[in-house]
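Below: one structure, written as structure tokens.
The values are calculated or read from the model by the stated rules, or taken from the named source; none is laboratory data. Quick caveat: nothing in here was measured; it's all calculated off a predicted structure. As a convention, Cβ positions derive from the backbone with ideal geometry for all residues, glycine included, and neighbour counts pool all protein chains shown.
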């Protein structure tokens, strides 16, 4: 139930009185109004999913839309607070990770039931873990726990105590349970019986998803009121961002996540109270050169691309401040490295963004025999420095960044040809034929822990983009990164892990296999009808505290 | 020629003339980035404002017009010549050859060109200069745009082949290609002329569509296609009306072509 606001004539008359009393009355009325709305029910929150959810099984989630639904409906043992980035107890009252990082023991809350009334116990946790690790299910969430060959053992100590043992050490083990929504071992509804604040009520394929308040949700607020406040959440499946924006402007939806900087400015011009810039996000944009030995590119170009001085020189000639200011309208920060400053614990604060300086860039390039000849940069054999950068067509921001980089590099005599390709063609060149010279793409980090980046940094990995699937590391610095990444992955000591990963960031900074450009800010829009929202940088930006939100419509 | 057609011709010539004078009218060029004035509204320094990375929109419209308006006729010429060879000869020779040529034409007409163009762009070498990309784009349009014209020309050539004056020429001993060049081809000229002129606006619009897909003319070179990309995501006409100038120019030029072509279309029909 929502309450319509009605301002009485008596209140209007008070507007003529001294400012203090006017403001005080408005604040008091507003507080009473919101409070009363909460007491009567928190209304319906509406926002858009940008694609069809691929699954409602929380163990099979791999797309954003399904992830949003899992976040709103799934009950987890521990939850990472999206604001503080710290772990908080949820269904587990407490937990303990063994020193070798192979075992985790949970003490569970009691008296909790699934949305269909089935009681929750350690059996459900054991069942969930077995399902998660079942190779036949192919759970993407389960992949993160697969640290080595062998089976995962679950031991139910009592209905409220369970320990789980993995065959090998799993770094950041407790944090991984943030993604594991517990499914019922006994409910006939299986994964549709949930422990989260909302429960699936209706789904119209290609159109909408309706979530309703879970009547059996276990949490209450400080005043003892049952959470969540909201009665329901209506999710519209809308892939077009323009339509989403128009619907927000018309008041038909209440939230927009990952808002475009251009839209942000347009909204800010008319209703600044509705837009939020939470600062740098985990997402970055970068350029890298093709260093693959068997790539079909000229040998002299491969030699350039494999030179740290060449990569560093190019990096120094790119004006990142301008990229942030012009392309993203100031809603981005020059990137330092693979880890965004938004990742509070793992970011190496000693590193600073590369300073734009064409002169320094030329000096760095001169160390490798590059020289200017009539405004054209040439290598020591006299070949003019010309290369192509490809990016995916249709991404306005990447295309603009590429044009600005082209202009920046022209100032040091480097000629860049820009090519926009459809995404499948680009991926085929990047991962199969290796027929490219440089690529400009973005990286979306969903995991704060460096273990989520193992597939990027290990030289043997398929996603080691500049030179993937190396049998043995081709350079000493890649060998060192391999060693450090493996060391941090097998350690349970957070300080040692941090030390190792800091060094990885330093090596990447020195060698510049990726030329990191910018970190986009986490922009979002929240309608004034939504109360309690506090947008953050981590997914799900605007509704991470959905159970505490209320909607009061006029 | 009617007064309207004369006026249309004059205006078209004016547009071409102004675009050819781009070097004098916009000496800073189309690629210079005024980054401190990115996304600026029209001013004395930038008559149509600047684009999102600070390039002078007026300069880009002039240079883009030059590229689109000069290369579209070249592509139209190429496609008309191909249509004349494929359609005209097939219609004249007739029989199995005509059926074969028309089958190939039908096959070309039924192909999903958008996806084929994406594929063609994907397999092209990456290190292509912007000027080369312009030439490749319009060449592709010319090489792929001959099919509809070929069908019209085939039909016309078939009619001419059985005309009395051709029968008379054949009776007087003229045979083969000599008969085609002396008696058939001159009578195909009005249709060829009309097809050529009709293809020009079609290719201008095609390039604009390719540009929107990121497949046309490479940056930093402008074309009407790349200029129209700016309209993506624009939620209100009144917001930044100067951004509509390339679109208005495109509509005006295509309309002018229609005025100029009205007579030729009648001939073609």
Among residues of the range A:474-496, those that are outside any helix (DSSP H, G or I) and either under 17 Å from residue A:173 (Cβ atoms) or within 24 Å of the chain's Cα centre (by Cα) (or both), counted: 4
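Could you list all residues from the range B:110-119 that are more than 11 Å from chain A (Cβ to nearest Cβ) and not in a loop (DSSP other than H, G, I, E, B)? Steps first, please.
As a first pass, look at the range B:110-119 and keep what is more than 11 Å from chain A (Cβ to nearest Cβ): B:110-113, B:116.
The answer is B:110, B:113, B:116.
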For the list (1) more than 14 Å from chain B (Cβ to nearest Cβ); (2) out of contact with any strand residue (DSSP E or B) (no Cβ under 6 Å at 6 or more places or on another chain); (3) at pLDDT below 95, I need the number of the one condition that residue A:445 fails. (2)
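Considering only the range A:1-104, give the helices (runs of 4 or more DSSP H) lying wholly within it that have at least 3 residues that are modelled with pLDDT of 95 or more. I'd like the intermediate steps shown before the answer.
Working: elements: A:9-14, A:19-40, A:64-73.
In the range A:1-104, A:64-73 are the helices (runs of 4 or more DSSP H) which contain 3 or more residues that are modelled with pLDDT of 95 or more.
What is the residue count in the range A:214-239 for residues that are assigned to a strand (DSSP E or B) and more than 21 Å from residue A:78 (Cα to Cα)?
Here is the first cut: in the range A:214-239, the ones assigned to a strand (DSSP E or B) are A:220, A:226, A:232-237.
From what's left, more than 21 Å from residue A:78 (Cα to Cα): A:232-237.
So the count comes out to 6.
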Within the range A:387-399, is even one residue free of Cβ contacts under 8 Å to residues at least 40 places away in the same chain and buried (at least 19 other Cβ atoms within 10 Å of the Cβ)? yes
Looking only at the range A:319-332, filter to residues that are farther than 15 Å from residue A:352 by Cα and out of contact with any strand residue (DSSP E or B) (no Cβ under 7 Å at 6 or more places or on another chain); which one of those is farthest from the other protein chains (Cβ to nearest Cβ)? A:330
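Please indicate, with yes or no, whether at least one residue in the range B:41-55 is assigned to a helix (DSSP H, G or I) and touching a residue at least 12 places away in the same chain (Cβ under 8 Å).
Within the range B:41-55, the first condition is being assigned to a helix (DSSP H, G or I), and the residues that meet it are none.
Checked against the condition, which is being assigned to a helix (DSSP H, G or I) and touching a residue at least 12 places away in the same chain (Cβ under 8 Å), the range B:41-55 yields no hits at all.
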Positions within the range A:297-318 being within 14 Å of another protein chain (Cβ to nearest Cβ) and assigned to a loop (DSSP other than H, G, I, E, B), in sequence order: A:297, A:298, A:318
Neighbours by Cβ (under 7 Å, 6+ apart or cross-chain): first from the range B:176-192, surrounded by fewer than 15 Cβ atoms within 10 Å (Cβ to Cβ); second in a helix (DSSP H, G or I): none
The range A:352-397, residues that are part of a loop (DSSP other than H, G, I, E, B), within 14 Å of another protein chain (Cβ to nearest Cβ) and over 30 Å from the mean Cα position of the chain (by Cα): A:383, A:385
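Against the definition (closer than 30 Å to residue B:163 by Cβ, assigned to a helix (DSSP H, G or I) and more than 22 Å from the chain's Cα centre (by Cα)), how does residue B:85 come out, yes or no? Walk me through how you get there before you give the answer.
On the way: closer than 30 Å to residue B:163 by Cβ: yes; assigned to a helix (DSSP H, G or I): yes; more than 22 Å from the chain's Cα centre (by Cα): no.
It is false that residue B:85 is closer than 30 Å to residue B:163 by Cβ, assigned to a helix (DSSP H, G or I) and more than 22 Å from the chain's Cα centre (by Cα).
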The lone exception for residue A:436 - which of (1) touching a helix residue (DSSP H, G or I) at 6+ places or on another chain (Cβ under 7 Å); (2) within 14 Å of chain B (Cβ to nearest Cβ); (3) not in a loop (DSSP other than H, G, I, E, B) it fails: (3)
When you scan the range B:163-235 for helices (runs of 4 or more DSSP H) that lie fully inside it, which ones turn up with 1 or more residues that are touching a helix residue (DSSP H, G or I) at 6+ places or on another chain (Cβ under 8 Å) and at pLDDT below 85? B:185-212, B:224-228
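Consider residue B:141 carefully, then state whether it is surrounded by 13 or more Cβ atoms within 10 Å (Cβ to Cβ) and either away from chain A (no Cβ under 14 Å) or in a loop (DSSP other than H, G, I, E, B) (or both).
Numbers: surrounded by 13 or more Cβ atoms within 10 Å (Cβ to Cβ): yes; either away from chain A (no Cβ under 14 Å) or in a loop (DSSP other than H, G, I, E, B) (or both): yes.
Yes; evaluated as a whole, the condition is true for this residue.
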Would you say residue B:74 is in contact with a helix residue (DSSP H, G or I) (Cβ under 7 Å, 6 or more places away or on another chain) and assigned to a helix (DSSP H, G or I)? yes
How about the range B:110-122: which of its residues are surrounded by 13 or more Cβ atoms within 10 Å (Cβ to Cβ) and within 14 Å of residue B:147 (Cα to Cα)? B:113
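Would you say residue A:147 is buried (at least 18 other Cβ atoms within 10 Å of the Cβ) and within 21 Å of residue A:486 (Cα to Cα)?
Yes, satisfied.
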For the range B:22-40, enumerate the residues that are surrounded by fewer than 20 Cβ atoms within 10 Å (Cβ to Cβ), within 14 Å of chain A (Cβ to nearest Cβ), in contact with a helix residue (DSSP H, G or I) (Cβ under 9 Å, 6 or more places away or on another chain) and assigned to a loop (DSSP other than H, G, I, E, B). B:28, B:29, B:31, B:32, B:39
What pairs can you find where one residue is in the range A:409-420 and facing chain B (nearest Cβ under 8 Å) and free of Cβ contacts under 8 Å to residues at least 60 places away in the same chain, the other is surrounded by fewer than 22 Cβ atoms within 10 Å (Cβ to Cβ) and in a strand (DSSP E or B), and their Cβ atoms are less than 6 Å apart, with a gap of 6+ or different chains? A:417/A:388; A:419/A:388
Failed condition for residue A:427, given (1) buried (at least 17 other Cβ atoms within 10 Å of the Cβ); (2) free of Cβ contacts under 8 Å to residues at least 12 places away in the same chain; (3) more than 9 Å from chain B (Cβ to nearest Cβ), with all others met? (1)
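Among the residues of the range A:240-260, what is the count of those that are buried (at least 20 other Cβ atoms within 10 Å of the Cβ) and either within 11 Å of chain B (Cβ to nearest Cβ) or assigned to a helix (DSSP H, G or I) (or both)?
The first filter runs over the range A:240-260 and keeps only residues buried (at least 20 other Cβ atoms within 10 Å of the Cβ), leaving A:244-245, A:248, A:253-257, A:259-260.
The next check asks that each one be either within 11 Å of chain B (Cβ to nearest Cβ) or assigned to a helix (DSSP H, G or I) (or both); those that pass are A:244-245, A:248, A:260.
Residues flagged as buried (at least 20 other Cβ atoms within 10 Å of the Cβ) and either within 11 Å of chain B (Cβ to nearest Cβ) or assigned to a helix (DSSP H, G or I) (or both) within the range A:240-260 amount to 4.
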In the range B:123-138, what residues are facing another protein chain (nearest Cβ under 8 Å) and either in a loop (DSSP other than H, G, I, E, B) or more than 22 Å from residue B:203 (Cα to Cα) (or both)? B:126, B:127, B:128, B:129
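Examine the range A:398-411 for a residue that is over 24 Å from residue A:258 (Cβ atoms) and part of a loop (DSSP other than H, G, I, E, B), and state whether such a residue exists. Explain how you work it out, then say what you get.
Kept after step one, since they are over 24 Å from residue A:258 (Cβ atoms), are these residues of the range A:398-411: A:406-411.
Remaining after also requiring part of a loop (DSSP other than H, G, I, E, B): A:411.
So far as the range A:398-411 goes, yes, one or more of its residues are over 24 Å from residue A:258 (Cβ atoms) and part of a loop (DSSP other than H, G, I, E, B).
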Just checking, how many residues over the range A:118-143 are out of contact with any strand residue (DSSP E or B) (no Cβ under 9 Å at 6 or more places or on another chain), surrounded by 21 or more Cβ atoms within 10 Å (Cβ to Cβ) and in a loop (DSSP other than H, G, I, E, B)? 1
